[in-house]
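Have a look at the structure below, then the notes.
Just so it is clear, none of the values below were taken in a lab; they were calculated from the coordinates. Everything numeric in this text was worked out from a predicted model, so none of it was measured. Cβ coordinates were reconstructed from backbone atoms using ideal geometry, including for glycine residues, and neighbour counts include every protein chain displayed.
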Amino acid sequence: MKRLFSILAIAAVMTFGNLQASTAPAQLLTANVQLLIAPLTTTTIQEAPESADAEELSFHQELKKRFIEGGPGFMGIVLLCLILGLAIAIERIIFLNLSTTNTKKLQQNVEDALHSGGVEAAKEVCRNTKGPVASIYYQGLDRADESIDAAEKAVVAYGGVQMGQLEKNVSWVSLFIALAPMLGFMGTVIGMIQAFDKIEAAGDMQPSLVAGGIKVALLTTVFGLIVAIILQIFYNYIVAKIDRIVNDMEDASITLIDMLVAYKNKK
């Protein structure tokens, strides 16, 4: 009986030892797997905000999204105002830059030619020079043989013609500046009317019913104001450029009359 208990005790000890021996590698393997998975898990957690940031829309995409949400009707008209206004403004800026001349240099060249070669030499200088000031000089010199009064009247009359050329189509830019925010405000009113129509149809004041209409209303207003601000900057630059050229034309006209009087007296 004692021998039986001894055999069972020995068998139990051997079985427990085998279980511990087989459990140790498994625990070691589990620890190694956890060590391998930990960096991957950390990397995944760290990359999650980056992927979330990548999903954020860029400025261009956000602008496009808001434009589409504003509705194709009024937003398309506002965009058309911006395109036409910018086209006219850029054309005027190019024309005004080409019309700008070195007035002081032109006056000196005309005076030198007038004293050295007469009126015809001075007219040749004006023909070879671009800009409204040179054109005014040419018209005044072309009437110089008649009288000083005739030359002065020609300068004043042709100065008005050149001023009209400088201000051509500028009124359209000012029209688009006024039209864009007005269209935006009209979209605002229509969006609010649609929101109240939904409230009336539902018979209940729910935020989800009016949110869409109010959102469209605000977007049309914002885009209309943006278009007006952009065109206003170009318009002010064009007006300032025209004023500068007109002042040069007036000063040059007075100088031309003085040169013609000195030339007549010298003869």
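Would you please give the FRET efficiency between Glu200 and Leu80, computed as 1/(1 + (r/R0)^6) with r the Cβ-Cβ distance and R0 = 35 Å, to the nearest 0.05?
0.60
Provide the packing ranking of 173-185, 103-115, 153-165, i.e. peptides ordered by the mean count of other C-beta atoms within 10 Å per residue, highest first.
Highest to lowest by the protection proxy: 173-185, 103-115, 153-165.
Quick one: if you stick a label point 7 Å off each Cα along the C-beta vector at Glu62 and Ala178, how many nm between them?
So the label points at Glu62 and Ala178 sit 3.4 nm apart.
Where does each of 218-231, 87-100, 132-145 land if you order them by average Cβ count within 10 Å, highest first? Please report the intermediate quantities before stating the final value.
On the way: 218-231: 20.4, 87-100: 15.6, 132-145: 22.0.
Highest to lowest by the protection proxy: 132-145, 218-231, 87-100.
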